[in-house]
Amino acid sequence: MTTQTVAIIGGGPAGIEAAKGVAELGFKAILIEKRDRLGGTPDEQKYAALTPDLRDTQTALRELIAPIENHPNVEIMYNTLITDAEGALGDFTLKGVQLGKEVEIKAGAVIIATGFQHFDPGRETQKYGYYEFDDVITLTDAEKMLSEGKFVRPSNGEVPKRVCFIQCVGSRDRRLGNEYCSKVCCGISSKQSIEIKKLIPDCKVFIFYIDMRMYGYWENEIYWKAQEEYKVNYIKGIATEIVRKGDKLLVKGEDTTFRRPMEVEMDVVILAVGMEPSEGTKEMARIFGLKQNKYGFIETIGGPLDTVSTNVPGVFAAGACTGPADLEDSVSAGGLAAVKAMAALRKLEAVTA
Amino acid sequence: MARLNVEKDRIIEKEKVVVDGIELSREWNRMFEQRVIFDYDTSMLDKVTSIPGAESMGWCYQCGQCVPVCPVDTVGGEYGPRKIYRNLQYGIDLFESPDLWKCTTCMNCLRVCPKDVNMIDIMPAVRAEAVMEGQVPDELQEAFENTFEYGNPLGESPRKRADWTKEVSVEVPIMKEINRPVDVLWFVECYPAYHHRSKDATKALAEILVRLGVDFGILGVEEKCSCDSQRLAGEVGLFEEFAEHNIKTLKKYKFNKILTTDPHALNALRKEYPKYGGEFEVVHYTTFLAPLIDKIEWKKTLNYKVTFHDPCYLGRHNGEYDAPRKLIEALPGVEFVEMGRCREQSYCCGGGGGGMWLDGFMADHIKERLSENRIKEAVATGADVLVVCCPYEVSRFEDAVKSTGNEGKIIVRDIAELIKEAMG
């Protein structure tokens, strides 16, 4: 029955949790994923450990996915891309392509959970030389290495002695158009610094920051842990540019509390890249006619009190497709979107009856 | 751009270069390579935080709350845990730096620190390493040697430790002589026993105890320095040796509680001696007298306007703020005014944590003495008398009254002296 079916687009943490919520509350969930597996960005980008609890990503994702894999109320459509949609609350028709074949999906409500993509540090600005220096990498590059249980200088495979993170790359930047804080990078840098120190205890790790934004328990669970137990050095003031110095990188910036210029040699520099709306998010906004904010994220209409409803009745958005979000935010929003979608359909049923 | 042909191992990169007394620091060295303007050699931070007791030095997240309440920073000492952490992160060798000795362990930073960066544990732990290496300022070393040799930092004869008792009209029972249990064992401590000015309060207290009919005795020549300030200044070995001596001596006698004149002795006996098997009930004399003060019949009205300086080791370290105030308010005719920095927020006289023996050293690193800063605040209240209850303070503040040109405006008195004056 269409009015008891919710289509969920995007099989990351928000979408998985939304599908689980819908199914467990007794409606049918159709989970549509463009890749051939669930897990979203943490899986696709090969995250090592999750923030903040440092659990192994694959183990945690398997636990998240397990309840829906063989659930009678859940249908998972892999390798499926939504290309068009029509209809209204209670009667949506989604058109898509699955492995070259056209498919049609009918649902009473839709939850968009198409997430984000990492900022490309080579876009528009090259001040940190991401495409110039092999040893300048991003948080995602570091995650890939860490998930393989290693951390080396990409240029020569050697174990680094000095590593630094540069925070706020692609975030909090009017010139780039990304004025927002990406919310998770401070925590992820701190988490990675712990992972690096675990692998290479002698390595000196620095985090250059403007403000450390470690809200809630991230403060004591990651930031304090990194500083107090793993002796990570936090230094206020982010670097301006990176130049080559022999086979090292010379990171130039200002140490703001000493009010002196600093030039420090590093073996590896990790750019703490922020979040931008994914291509899928922008595409879904277009297909469903959803309002986007100036950054391209889907705009929810309830302010802080309703984080999942959109301007189109029956279409909800959850997770990082609505703006920078951590796992806690995404999963919470996924569950909320399930409830809101089903509530909308129940109300519709009551009126029609 | 043509590359200069330079032998790699002969490239010199220095921010400051002096050859034969001529400074050659210019930008010439940039010709060869990018120079390092500022770097982080965190080995010093790692060294300090690996010392047992000093781990929390690495916990600072630079909130800066400690600096405005640091009494040394207040007088231009460029100090506070936040700054020490930052210097360590930059690679400054704390063991070579005057910063190692500036802290008076007043505990005002720990009071406000959200991260529990504990200078009270850090300072003795780090200084102990310096003491073992023999890197101690001369005047402090002299106090250590005096203590070691004579049992007191003043270098006075140990045989004369009870000589002050001959200067009072009342009988002061000495445990070894009376050979009986007492209710209160009075641990007099060094400055109260020897110092020409601190002794006045000691003598007054003896008369007060007799007047109140307190059953008490002192250890006399058997007593040695409690060594708390030496411990905090890094002489941990000496402290342990003296603690064991004093505990052994105390255990020879029967008593109900220990009374201390000196808040530093109170701190040692109450908090440190139990670690060496010396578990006693220990009270400061102000705490002891407060509930008894109404029993005293006053003979004289003191027409003083007074203010009170909370000793760091009585207040912040041991939580006693009310007893001295109760005593002051009981004094007939006295008008009591508080200074702005009082109770938990009290300023420091500069004598704690070894500061008592570092005045010459400190003079090179601060713009005015801590005691001078405090005297100015006391004078500004309009008080005639600055009341104290720690034996370090009388002489420190009296010196500061003179050096700040406030003679004739304010005098310094121990609470015991004022009680004695009023009871006649």
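Every read-out reported here was derived from the displayed coordinates using simple, explicitly stated rules and does not represent laboratory data. Predicted model, so just to flag it, every value in this text is computed and none were measured. Glycine gets a Cβ as well: all are built from the backbone with ideal geometry, and neighbour counts include every protein chain shown.
Quick look at the values:
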read-out	value
Of A:VAL232, B:PHE280, B:PHE216, farthest towards positive along the dipole that unit charges on Lys, Arg, Asp, Glu beta carbons give the protein assembly as shown	A:VAL232
Cα centroid separation - region A:282-304 against region A:16-74, whole Å	23 Å
FRET efficiency for B:ALA380 and A:ASP120, using Cβ-Cβ distance with R0 set to 60 Å, rounded to 0.05	0.45
Region B:163-267: relative contact order as a whole-number percent, Cα under 8 Å and 6+ apart	39 percent
Rh by Kirkwood over Cα pairs, then Stokes-Einstein D for chain A at 0.692 mPa s and 37 °C, µm²/s	155 µm²/s
Residues in region A:64-103 reached by a label modelled at A:THR2 [backbone nitrogen below 15 Å; 7 Å Cα→Cβ]	A:85-95
Residue order, fewest to most beta carbons within 10 Å, for B:SER50, A:SER193	B:SER50, A:SER193
For region B:126-141, Karplus couplings with θ = phi - 60° (6.51, -1.76, 1.60), whole Hz, Gly/Pro x	6, 5, 4, 5, 5, 4, 5, 7, x, 9, 10, x, 3, 5, 5, 4
Evaluated over region A:237-349, the Cα radius of gyration and Dmax, each in Å	21.4, 71
14 Å reach of a label modelled at B:LEU212, 7 Å along Cα-to-Cβ, counting backbone N of region B:395-424	B:415-420, B:423
Relative contact order for chain A, counting Cα pairs under 8 Å that sit 6 or more residues apart, in percent	21 percent
Value of D in µm² per second that Stokes-Einstein yields for region A:178-225, Kirkwood Rh from Cα pairs, at 4 °C (1.567 mPa s)	113 µm²/s
Using a Förster distance of 22 Å, the FRET efficiency for B:HIS196-B:GLN141 (Cβ separation, nearest 0.05)	0.40
Rounded FRET efficiency, nearest 0.05, which uses the C-beta distance separating A:ARG62 from B:CYS63 and R0 of 41 Å	0.50
Amide hydrogen neighbours beyond the local backbone of A:MET262, cut-off 5 Å, H modeled	A:GLY253, A:GLU254, A:ASP255
Fluctuation leader among A:VAL110, A:VAL97, A:VAL74 - chain A, Gaussian network, Cα springs under 10 angstrom	A:VAL97
Least to most buried among A:ASP173, B:ASP310 (fewest other Cβ within 10 Å first)	A:ASP173, B:ASP310
Residue among B:TYR85, B:GLY53, B:PRO68 farthest towards the positive dipole end of region B:43-132, charges placed on Cβ	B:PRO68
Acute angle (nearest 10 degrees) that the helix A:279-288 long axis makes with the longest principal axis of chain A, alpha-carbon atoms	30 degrees
Cα centroid separation, region B:245-275 to region B:312-354 (Å)	22 Å
Cα gyration tensor category, rounded, prolate or oblate, for region B:43-132 with a/c compared to 1.5	rounded
Unit charges at the beta carbon, dipole of the protein assembly as shown: most positive-side option, A:ALA113, B:TRP186, A:GLY40	A:ALA113
Sequence-distant residues sharing a close amide H with B:VAL75 (under 5 Å, placed H)	none
Helix axis angle, A:327-352 relative to chain A longest principal axis, alpha carbon, degrees	10 degrees
Equivalent ellipsoid, the protein assembly as shown (semi-axes from 5 times Cα gyration tensor eigenvalues, Å)	68, 34, 22
Centroid-to-centroid separation of region A:219-247 and region B:130-175 [C-alpha atoms, Å]	49 Å
³J(HN,Hα), Karplus 6.51/-1.76/1.60, whole Hz, each residue of region B:197-212, x for Gly, Pro	9, 5, 4, 4, 5, 4, 5, 4, 5, 4, 5, 5, 4, 5, 4, 7
Of all DSSP beta bridges in chain A, antiparallel share, percent nearest 5	50 percent
Charge dipole magnitude, Cβ of K and R +1, D and E -1 - region B:43-132, Cα centre, debye nearest 20	240 debye
Crossing angle, helix B:81-90 versus chain B [Cα axis fit, 0-90 degrees, rounded to tens]	20 degrees
Phi to ³J(HN,Hα) by Karplus 6.51 cos²θ - 1.76 cosθ + 1.60 over region A:84-95, Hz, x for Gly, Pro	7, 7, 8, x, 9, 3, x, 7, 9, 10, 9, 10
GNM top mover of B:HIS195, B:HIS309, B:HIS264 - chain B, alpha-carbon springs below 10 Å	B:HIS195
Prolate/oblate/rounded label for region A:288-337 (Cα gyration tensor, a/c 1.5)	oblate
Inter-probe distance in nm under a simple model that places probes 7 Å from Cα toward Cβ, at A:ASP211 and A:GLU104	5.2 nm
Size descriptor, Kirkwood hydrodynamic radius, that averages inverse alpha-carbon separations across chain B, Å	23.3 Å
